[in-house]
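The values are calculated or read from the model by the stated rules, or taken from the named source; none is laboratory data. None of these values were measured; they are calculated from a predicted model. Counting neighbours? That spans all protein chains shown, and the Cβs are built from the backbone with ideal geometry, glycine included.
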Amino acid sequence: MKEVEKFNHFISVDQDLCIGCSHCVRVCPTEALRVWGGKAILEEAKCVDCGDCVRVCPVMAIGVEHHSINAFSKDDHNMALIPSVFWGQFPADISRNRIINAILALGFKQVVEAEESVEPLSSALNTYVAKRKGQKIISSFCPAIIRLIQTRFPELVSSIALLKSPVELTALHISRKMKKENGRTPAALNIFYISPCAAKAAAIENIKEEIDFSTFGVINMDVFFNAIQQQLNKKETVETNVEEDLLTAKSIGWSLKGGESNHLSGQSLSIDGMKPCVEILENIENDRFKEIDFLELKACDQGCAGGVLTPQNKFLCVESLKKRMENKKESPSELILNNKDFELSEIKEMSVLALDINPAKSLKMLNKTRRMMCYLPGFDCGACGAPSCKALAEDVAKGNAILSHCVFMQRQMEKHHRLSPDHAFNIIESIWGKDRLNKDCNKKGAINDSK
């Protein structure tokens, strides 16, 4: 078993803001979070950057890192790489031209739509799936799903389509186009992707060395949206003519649920939301749905419209994009791409859910995990700071926890005089923080809660 490759993550926990509520621990699909010392602790190797923890945090202690809008010089040739869901954040009375002018006013020289490469990519995907009839291909569009499969369903890694995302292909096209038209070397360009989620931000960070820009950065969509709103509210902001909207209906809807599968021949399934995606992958792992040729899995509800960094309602965003798709005509792509450009390098399995990289040690730990599960109640209450009894058993096997972290085991040990009440209380405080069990009428739902 190979060691885990280093992967850059954009999700982080602010320990000063965290209150140790364990909401994040309960929703993580790979059990990458624990509570210790009254704070949420992230095991980065297990994190898939899905952002579910960001959604449920009541105090916004979990955030997504990004580049600052003010981090670049306005004298540079800065490009904004905009996904189609960004336009869906604005009401119908704000035109695309006004939004683009506001983006240019922030210091960007050019606005490029991330889905410009969808038409040729769609053709490549159709060919890819047709050549592998009966093999059950999984879309490579959503980076959170790719990471989920790598970590939790490694035996399905070989089913992922080895095709690049629209963002990668469009960025590659921009690089070639600028060099061809202006003689400008790609290294003189700065491009910033406006990301709707943490997973795409992390994906950009991990591929940016493959595309030759001086900066290939990421700006969170919610932050970017607020900056655009401020520009739109300025009286001096004027609307001038900008480049024509050339995206096809297929390109506009590609990142939404069904955006890929609706344009493929054969049997397809389109699933959105992390929990349903996990359920369908478990079924595929058990060799069900044999008749399916293609699986479109998107970690966010409604696809990228429901990304954790999208500021507006996902359903309104979808409706807005559907209106934009109306009366759109198919047009030939002008992208400078060849067949090799679509090919994605090998996607490797991750061993992060194995108990040890040494197979013999891992088997020994697995046996210990099963022995520990004989004692644990199986309630999955999370009072131990882990998301489930099995997760606690694994932590014990790895030497990161002890069986008495379980409050029910504490009662058993007290009953048989193997643990004192004071020691049990100290264990609880080591997990949830000192004085955490003291009376507090200001906490959420209590009598003095002001919210």
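List of remarks:
- When the test is whether a residue is part of a loop (DSSP other than H, G, I, E, B), in contact with a helix residue (DSSP H, G or I) (Cβ under 9 Å, 6 or more places away or on another chain) and either of a type outside the set (S, T, N, Q) or buried (at least 19 other Cβ atoms within 10 Å of the Cβ) (or both), residue 300 passes it.
- Restricting attention to the range 260-272 and to residues that are in a loop (DSSP other than H, G, I, E, B) and either at pLDDT 95 or above or touching a strand residue (DSSP E or B) at 6+ places or on another chain (Cβ under 6 Å) (or both), the residue that is nearest to residue 319 (Cα to Cα) turns out to be 260.
- When 376, 392 are checked against the criterion of being at pLDDT 95 or above, closer than 30 Å to residue 421 by Cβ and touching a His at 6+ places or on another chain (Cβ under 7 Å), a single residue qualifies: 392.
- Of the candidates 85, 112, the single residue that is of a type outside the set (Ser, Thr, Tyr) and modelled with pLDDT of 95 or more is 85.
- The listed residue being in contact (Cβ under 8 Å) with a residue 12 or more places away in the chain, outside any strand (DSSP E or B) and not charged (D, E, K, R), out of 79, 60: 60
- Residue match in the range 243-254 (condition: of a type in the set (S, T, N, Q), part of a helix (DSSP H, G or I) and modelled with pLDDT under 90): no
Table: residues versus (1) touching a residue at least 60 places away in the same chain (Cβ under 8 Å); (2) surrounded by 21 or more Cβ atoms within 10 Å (Cβ to Cβ); (3) not aliphatic (A, V, I, L, M).
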{"residue": "339", "(1), (2), (3)": "yes, no, yes"}
{"residue": "373", "(1), (2), (3)": "no, no, no"}
{"residue": "379", "(1), (2), (3)": "no, no, yes"}
{"residue": "385", "(1), (2), (3)": "yes, yes, yes"}
{"residue": "400", "(1), (2), (3)": "no, no, yes"}
{"residue": "409", "(1), (2), (3)": "no, yes, no"}
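- Meets criteria (assigned to a strand (DSSP E or B), in the same structural domain as residue 195 (by TED's automatic domain parsing) and closer than 30 Å to residue 131 by Cβ) for residue 284: no
- Scan of the range 412-439 for residues that are at negative phi and either surrounded by fewer than 11 Cβ atoms within 10 Å (Cβ to Cβ) or of a type in the set (Lys, Arg) (or both), ordered by number: 415, 416, 418, 421, 422, 434, 436, 438, 439
- The set of residues from the range 80-133 being of a type in the set (Lys, Arg) and touching a strand residue (DSSP E or B) at 6+ places or on another chain (Cβ under 9 Å) comprises just one member, 109.
Residue-wise test of (1) closer than 17 Å to residue 321 by Cα; (2) crowded, with 16+ Cβ neighbours inside 10 Å.
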{"residue": "63", "(1), (2)": "no, yes"}
{"residue": "69", "(1), (2)": "no, yes"}
{"residue": "78", "(1), (2)": "no, yes"}
{"residue": "84", "(1), (2)": "yes, yes"}
{"residue": "91", "(1), (2)": "yes, no"}
{"residue": "95", "(1), (2)": "yes, no"}
{"residue": "100", "(1), (2)": "yes, yes"}
{"residue": "107", "(1), (2)": "no, no"}
{"residue": "111", "(1), (2)": "no, yes"}
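- Of all residues in the range 170-181, those that are closer than 20 Å to residue 254 by Cα and touching a residue at least 40 places away in the same chain (Cβ under 8 Å) have Cβ atoms under 7 Å from Cβ atoms of residues that are in a helix (DSSP H, G or I) and of a type in the set (A, V, I, L, M, F, W, C), 6 or more apart or on another chain, in 170/114.
- Residue within the range 96-111 that is on the phi < 0 side of the Ramachandran plot, in the same structural domain as residue 252 (by TED's automatic domain parsing) and in a strand (DSSP E or B) present: yes
- Test for residue 232: is it modelled with pLDDT under 95, out of contact with any Cys (no Cβ under 7 Å at 6 or more places or on another chain), aliphatic (A, V, I, L, M) and not in a helix (DSSP H, G or I): no
- Check on residue 50, in a loop (DSSP other than H, G, I, E, B) and crowded, with 23+ Cβ neighbours inside 10 Å: yes
- For residue 34: the one exception among (1) at pLDDT below 95; (2) part of a strand (DSSP E or B): (1)
Per-residue answers, yes or no, for (1) at pLDDT 90 or above; (2) under 26 Å from residue 155 (Cα atoms):
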{"position": "325", "(1), (2)": "yes, no"}
{"position": "344", "(1), (2)": "no, yes"}
{"position": "351", "(1), (2)": "no, yes"}
{"position": "384", "(1), (2)": "yes, no"}
{"position": "387", "(1), (2)": "yes, yes"}
{"position": "406", "(1), (2)": "yes, no"}
